[in-house]
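> I am attaching a structure below and will ask some questions about it afterwards.
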Number of protein chains: 2
Amino acid sequence: MVTIIHSVTIVTLDENDSVFDGYVVIKDGELDKLKEGKPAEQILDAAEEVIDGKGKWLLPGLINTHGHIGSSFLRGAGDDMPLLEWLQTVMWPNEKTFDEDIVRSAASLAMVEMIKSGTTTFLDMYHLYMDKIAELVAESHMRAVLCRGMIGNCPPDEQMEKLLEAVQLHKNFHGYNNGKVTVALSPHAPYTCPPEFLEKVVEQALLNQMWIHIHVAETKEEVLRHEQQYGIRPVEHLQQLGLFRVPCMIAHGVHVNEEEMQILADNHVYVSHNPKSNLKLGSGIAPLTAMWEKGINVALGTDSTASNNTLDLFEELRFAALIHKGVLEDPTATTASAVLKMATVAGAKALQLNSTGALVKGNQADFIMLNPKKAHLSPWNISRVASHLVYAAKSSDVTDVFVQGRPLMKNGELQYLDEEKIIFEANMYLH
Amino acid sequence: MVTIIHSVTIVTLDENDSVFDGYVVIKDGELDKLKEGKPAEQILDAAEEVIDGKGKWLLPGLINTHGHIGSSFLRGAGDDMPLLEWLQTVMWPNEKTFDEDIVRSAASLAMVEMIKSGTTTFLDMYHLYMDKIAELVAESHMRAVLCRGMIGNCPPDEQMEKLLEAVQLHKNFHGYNNGKVTVALSPHAPYTCPPEFLEKVVEQALLNQMWIHIHVAETKEEVLRHEQQYGIRPVEHLQQLGLFRVPCMIAHGVHVNEEEMQILADNHVYVSHNPKSNLKLGSGIAPLTAMWEKGINVALGTDSTASNNTLDLFEELRFAALIHKGVLEDPTATTASAVLKMATVAGAKALQLNSTGALVKGNQADFIMLNPKKAHLSPWNISRVASHLVYAAKSSDVTDVFVQGRPLMKNGELQYLDEEKIIFEANMYLH
C-alpha cells in the first residue's frame, strides 16, 4: 500500500532540523520518501492513495511518556488542595470504586483526547484491568507502552501476584497489534516499593528483557523521607539496587541533585519531564537545563488528567519551553526546536522505540497534520514554523493523525473511536 | 431589543461565585435577568430573539489588560534570544518599517485572535496610528481601552507632541462607539520616561480626567539601573512624581519588593500580570500571591504576540494558575475561581470599567459561550465547571462572543471582521 501526501510543509525534526514544502510517500506503514516540491506524475501514478495536504504542516506525532489513563474521570475532581488531602479525599476513595466499565470508559476518553490533540504514542502506567486496556489500545490503533503499575507496600504474596501479572502482560501483549503495543515493568516509586521488591523487579526485567519505568523524586518531602529511612537519596539507592542494569525511564525527577543527575546520565537513564503536573501539585520545577547539560535524554509527559488536567502535549510543549526561561531568568534556556524534540525524538528513545520520532526514511509513518490558516498562527513562513508549533499552536489545530501509515483522525474525524459515544459515557459517570 | 439565551450553564463570577443551569435575558445591551431553570412562556414571548444555548457554558467575556496589537506580525520573528539582542535585531528594526497598512492589518489580526479566543475587552498601548486603530476597534465592536504609548527619551518638543497626540486621542475617542472605546494615558516606563516628562503626564491626566497605564519593574536589570540612576526604586519614584494621584494600572511588576507592593496597595494601583510574556523574555515571575496578600487588584494580560506568542487568555489563565503553585511548591497558592476573576472582574476594575466583568443584573452584556462536549472537558458537572475553565478548556472551545449584547462571534463565525481576508493579508506581510 502506497500513500502520497503532497502540498504540505514538512517538519522532520531529524538531525538537520529540516523544514520544507514538499510531499511524503508512505509505503506499508513506513516513511518511504520525504521530498521537496511536487511529486512527479509517475510517482503519483504508483500510489493507491493521493492526499492533497492543502498547505498543512506535517510533523512527527507527539509522544506522551507518562500517564495513567484509567483515572481520567478524576479530571477536576479536586484541585488547589494540599497533596495529602487530595490523595486521601479524592484520588484513593475514588479509585477504590473503579470497576472495569469505568476504567475502560476512562481509558477510551483519554485516547480520544490524545488523538485529537496530536498524540500518536503514549505510555500508560496503571494497576487496574491492564489486559483490557491493551485490547482497547489495539482497537484505537495508537502506539503505546503499557505497564501494570505496582505498589510494593504490601505482603510478599501480593507483591508476587502483581509482579507476575506485570510479566504476564508482557507475555500476552508485547509486540501486539503489529508491534504498536509494547510492555514495560513499572514499580510505582522508591517510596512505595521496598528495596527487596525492587530487586525482584530487576530480576524479572532481566529475565524477560523488559525495561523499567518508575516515579522518582517527584516531591521534596519524598526525597527527605527516603534519606531519613535509608540514609541515601532515591536515585543513588535505585542504582545500588541494580535498577539501572536494565533500560530505565524515570518520571518527574523534580528533586534530583547534581550527583543524582550524573548517575542518571552515566547510566543512560531517561527522564519524563511532566511540567504541568509538577506545577499543579506544587511539587516544583524539574532542573531541565541542568539535565540537558549532563547529557540526559529528557522526554515529555502529561501525567494523568487528575493532576494536569489535560493530556495535551501542545500545552506541555508550551510550559516546558516557557517556565525554565522564567525561573532561570534566561530567554535562551530553551529553544523551540529542543522542546519539540523532547515531545518526539527523545520520547521515542525514552520508550525504547527505535523507528518512530523523527520523520526520516524507514521510520514508522507516525505523523500529524495541522491547519495553519488560523489567526494565532499568522503570519508564518518556513522560518517561523517551529516557533509557532511551540509558542502559538493549539492542539485544536491538529486535523489529521497517522500511526503506522493508518489514519486515526482525518480532518478532525476519529476513524476508530466513537468520540460522541465515549464523551457521553464519560459524563454518565457523574450523573 | 430583548434577547433570551436558555439551556446554558451560567458562571457568573459574581460575589457568590454562582454556577447554575438557567437562562439569561439581555435588554438593550444590558443583562436584565440571570435565572435558574427554563424561562416561562410569557418571558419567551416578550423576546425579539430566543437562542437555544444547547448546554453550553456561559461566562463573562475575558479581559486582556495589556498588549500592543500593532506589532502582531512579529509573532515568532525572534524567540529564545537575549532581551537586548531581540530588541536590537528584531523588534526595533521591524517596527521602523511599519506603515499604516501594516499596523491596521496587524491590529485586525489581533482582534480576530482575541475574539476567537473569548476576549471581549482589551487594552492596547501602541505608538503608531492610534486614531486609525480606534476606528478599526469600533468596527469590530470589541470593548477597548486605547493608549498612545509614549517613550519620553526624546527632546522636549517631541515629548509634547506625543503627549498632545495622546490627549487628542482622548478628546476624539473617549466614550466612542456607545462607550465601548475609552482612552487612557500611557507613558511607556520609568526607564524610558524622564521624571519631568512623567510629571507633565500626571498634569495632563488630572486636567483631562484620564487614568494612567505604564510598564513597571518588568526586568531585574531595569530596576537596578533605576536605583543607580535615581537612588530610589521605580514604584517609590512614581509615587514621588505624583503618578498615583490618578487611577493607575502598571504592567508586569515582576520585580517589585515588599515596600513597593505596599505602596501599590495603599494607592489602589492595579497590576496587569502577564505571566507568559514574563516567562518567555526571561524576565521572571511576578509575586502574585504576595500582591494578593497586600490586597492589590491583579488583572491578567497577554502582552503582544512578539513576546507571548498568543493573545489567548485561556492560556494566560492556565499559566497564572499553575506557575505560582509550582514556584512556591504550594498547590493552594491559587484557585480556579481566583484566577478566573483576574481575567474578568479584576480586569474590568483595572481598566476603570464599572459595568462589565461579572454577570450581574445591570452590567453590560459582555459574555462568551463554550461548547463543553469535548473529551478534554469530560466528565463535568456544575461543581467542576470552574476547574475545567481554568485547567482544561481551550480557547478553541469558545463558540460565541457577545459585547454589549451584540454577537461578535456566533457558532465560531465572526460577525464583523472578515477572518479569512485578515489572515490572508497578514501572511502577505512575509511574502
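The values are calculated or read from the model by the stated rules, or taken from the named source; none is laboratory data. Predicted, not measured: the structure shown is a model, and the values here were computed from it. Backbone-built Cβ (ideal geometry, glycine too); neighbour counts: all protein chains shown. Note: areas computed on protein heavy atoms with side chains; ligands, DNA, RNA excluded. Shrake-Rupley method; radii C 1.70, N 1.55, O 1.52, S 1.80 Å.
> Which number in (1) under 22 Å from A:ALA393 (Cα atoms); (2) touching an Asp or Glu at 6+ places or on another chain (Cβ under 9 Å); (3) of a type in the set (Val, Ile, Thr) marks the one condition that A:VAL254 misses?
So the condition that A:VAL254 fails would be (1).
> Looking at B:ALA333, B:ALA290, B:ALA286, which one is assigned to a loop (DSSP other than H, G, I, E, B) and either hydroxyl-bearing (Ser, Thr, Tyr) or open to solvent by 10 Å² or more (accessible area, probe 1.4 Å) (or both)?
Among B:ALA333, B:ALA290, B:ALA286, only B:ALA333 is assigned to a loop (DSSP other than H, G, I, E, B) and either hydroxyl-bearing (Ser, Thr, Tyr) or open to solvent by 10 Å² or more (accessible area, probe 1.4 Å) (or both).
> Out of everything in region A:16-28 that is without any contact (Cβ under 8 Å) to a residue 60 or more places away in the chain and in a loop (DSSP other than H, G, I, E, B), what residue ends up being surrounded by the fewest Cβ atoms within 10 Å (Cβ to Cβ)?
Ranking the qualifying residues of region A:16-28, first place goes to A:ASN16.
> Something else now. Could you pull out the residue among A:TRP86, A:TRP92 that is outside any strand (DSSP E or B) and either touching a Gly at 6+ places or on another chain (Cβ under 7 Å) or open to solvent by less than 60 Å² (accessible area, probe 1.4 Å) (or both)?
Being outside any strand (DSSP E or B) and either touching a Gly at 6+ places or on another chain (Cβ under 7 Å) or open to solvent by less than 60 Å² (accessible area, probe 1.4 Å) (or both) holds for just one of A:TRP86, A:TRP92, which is A:TRP86.
> Scan region A:196-223 and report the pairs whose first residue is over 23 Å from A:GLU260 (Cβ atoms) and of a type in the set (Phe, Trp, Tyr) and whose second residue is modelled with pLDDT of 95 or more and loosely packed, with under 15 Cβ neighbours inside 10 Å, with Cβ atoms within less than 7 Å and a gap of 6+ or a chain change.
Cβ pairs passing all conditions: none.
> Report, by residue number, each residue of region A:268-318 that is under 26 Å from A:MET81 (Cα atoms), hydrophobic (A, V, I, L, M, F, W, C) and touching a Ser or Thr at 6+ places or on another chain (Cβ under 7 Å).
If the condition is that a residue be under 26 Å from A:MET81 (Cα atoms), hydrophobic (A, V, I, L, M, F, W, C) and touching a Ser or Thr at 6+ places or on another chain (Cβ under 7 Å), then A:LEU281, A:LEU300, A:ALA306, A:LEU311, A:LEU313, A:PHE314 are the ones that fit.
> In addition: With respect to the numbered conditions (1) part of a helix (DSSP H, G or I); (2) of a type in the set (A, V, I, L, M, F, W, C); (3) more than 20 Å from the chain's Cα centre (by Cα); (4) surrounded by 14 or more Cβ atoms within 10 Å (Cβ to Cβ), which one is the sole condition not fulfilled by A:LEU206?
(4)
> Okay, next question. Being open to solvent by less than 10 Å² (accessible area, probe 1.4 Å) and at the interface with chain A (Cβ under 7 Å from one of its Cβ atoms) is the filter here, so list the residues in region B:320-330 that pass it.
Across region B:320-330, the qualifying residues are B:LEU322, B:ILE323, B:LYS325, B:GLY326.
> So the check is Cβ under 7 Å with 6+ separation or different chains; which pairs have a first residue in region B:151-163 that's more than 15 Å from B:GLN204 (Cα to Cα) and a second one that's of a type in the set (S, T, N, Q)?
Cβ pairs passing all conditions: B:ILE151/B:THR192; B:ASN153/B:THR192.
> Look through A:LEU13, A:LEU31, A:LEU59 and report the one residue that is in contact with a Ser or Thr (Cβ under 7 Å, 6 or more places away or on another chain) and surrounded by 19 or more Cβ atoms within 10 Å (Cβ to Cβ).
Just a single option satisfies the conditions, and that option is A:LEU13.
> Now a separate question. When both residues are 6+ apart or on different chains and their Cβ atoms are under 6 Å apart, which pairs have a first residue that lies in region A:68-85 and is in contact (Cβ under 8 Å) with a residue 60 or more places away in the chain and more than 9 Å from every other protein chain (Cβ to nearest Cβ), and a second that is part of a loop (DSSP other than H, G, I, E, B) and polar (S, T, N, Q)?
Within 6 Å, the pairs are A:HIS68/A:SER304; A:SER71/A:SER304.
> Just give me the residues in region B:44-83 being among the aliphatic types (A, V, I, L, M) and under 14 Å from B:GLU113 (Cα atoms), in sequence order.
Residues of region B:44-83 that are among the aliphatic types (A, V, I, L, M), as a first pass: B:44, B:46-47, B:50-51, B:58-59, B:62-63, B:69, B:74, B:77, B:81, B:83.
Correct list: B:LEU62, B:ILE63, B:ILE69.
> Just need a number here: residues in region B:270-281 that are open to solvent by less than 10 Å² (accessible area, probe 1.4 Å) and assigned to a loop (DSSP other than H, G, I, E, B).
The qualifying residues number 1.
> Every residue in region A:98-136 that is in a strand (DSSP E or B) and either within 20 Å of B:LYS394 (Cα to Cα) or in contact with an Asp or Glu (Cβ under 6 Å, 6 or more places away or on another chain) (or both), please.
First, the residues of region A:98-136 that are in a strand (DSSP E or B): A:119-126.
Once the filter is applied, which keeps residues that are in a strand (DSSP E or B) and either within 20 Å of B:LYS394 (Cα to Cα) or in contact with an Asp or Glu (Cβ under 6 Å, 6 or more places away or on another chain) (or both), region A:98-136 yields A:THR119, A:THR120.
> Go through region B:343-431 and tell me which helices (runs of 4 or more DSSP H), entirely inside it, have 1 or more residues that are at the interface with chain A (Cβ under 8 Å from one of its Cβ atoms) and closer than 30 Å to B:SER105 by Cα.
B:419-428
> Moving on. Scan B:GLY76, B:GLY53, B:GLY37, B:GLY70 and give me the residue that is on the phi > 0 side of the Ramachandran plot and surrounded by 15 or more Cβ atoms within 10 Å (Cβ to Cβ).
B:GLY76
> So, of the residues in region B:338-360 that are among the polar types (S, T, N, Q) and touching a Ser or Thr at 6+ places or on another chain (Cβ under 8 Å), which turns out to be surrounded by the fewest Cβ atoms within 10 Å (Cβ to Cβ)?
Here the answer is B:GLN352.
> While we're looking at this one, here's another question. Restricting to region A:165-195, name every residue that is farther than 27 Å from A:HIS226 by Cα and in a helix (DSSP H, G or I). Step through it out loud before you land on a result.
Here is the first cut: in region A:165-195, the residues farther than 27 Å from A:HIS226 by Cα are A:165, A:167-183.
Within region A:165-195, A:GLU165, A:VAL167, A:GLN168, A:LEU169, A:HIS170, A:LYS171, A:ASN172, A:PHE173, A:TYR176, A:ASN177, A:ASN178, A:GLY179 meet the criteria.
> Answer yes if at least one residue in region B:301-314 is touching a Pro at 6+ places or on another chain (Cβ under 8 Å), more than 11 Å from chain A (Cβ to nearest Cβ) and surrounded by 24 or more Cβ atoms within 10 Å (Cβ to Cβ), and no otherwise.
no
> So if I check each of A:ASN371, A:ASN381, A:ASN363, which one is surrounded by fewer than 23 Cβ atoms within 10 Å (Cβ to Cβ), touching a Leu at 6+ places or on another chain (Cβ under 8 Å) and either in the same structural domain as A:ALA106 (by TED's automatic domain parsing) or touching a residue at least 60 places away in the same chain (Cβ under 8 Å) (or both)?
Numbers: A:ASN371 fails: touching a Leu at 6+ places or on another chain (Cβ under 8 Å); A:ASN381 fails: either in the same structural domain as A:ALA106 (by TED's automatic domain parsing) or touching a residue at least 60 places away in the same chain (Cβ under 8 Å) (or both).
Every option except A:ASN363 fails the conditions.
> Using the structure shown, decide if B:LYS116 is within 19 Å of B:GLY357 (Cα to Cα), within 14 Å of chain A (Cβ to nearest Cβ) and out of contact with any Cys (no Cβ under 7 Å at 6 or more places or on another chain). Spell out the reasoning first.
On the way: within 19 Å of B:GLY357 (Cα to Cα): yes; within 14 Å of chain A (Cβ to nearest Cβ): yes; out of contact with any Cys (no Cβ under 7 Å at 6 or more places or on another chain): yes.
Considered against the rule, which asks whether it is within 19 Å of B:GLY357 (Cα to Cα), within 14 Å of chain A (Cβ to nearest Cβ) and out of contact with any Cys (no Cβ under 7 Å at 6 or more places or on another chain), B:LYS116 comes out as yes.
> OK, next. Any residue at all in region A:228-240 that is within 14 Å of chain B (Cβ to nearest Cβ) and open to solvent by 20 Å² or more (accessible area, probe 1.4 Å)? Explain how you work it out, then say what you get.
Taking region A:228-240 and keeping what is within 14 Å of chain B (Cβ to nearest Cβ), we get none.
Among the residues of region A:228-240, not one is within 14 Å of chain B (Cβ to nearest Cβ) and open to solvent by 20 Å² or more (accessible area, probe 1.4 Å), which makes the answer no.
> Can you name every residue in region B:228-267 that is among the charged types (D, E, K, R) and over 19 Å from B:GLU199 (Cα atoms)?
Step one: of region B:228-267, the residues among the charged types (D, E, K, R) are B:233, B:236, B:245, B:258-260, B:266.
If the condition is that a residue be among the charged types (D, E, K, R) and over 19 Å from B:GLU199 (Cα atoms), then B:GLU258, B:GLU259, B:GLU260, B:ASP266 are the ones that fit.
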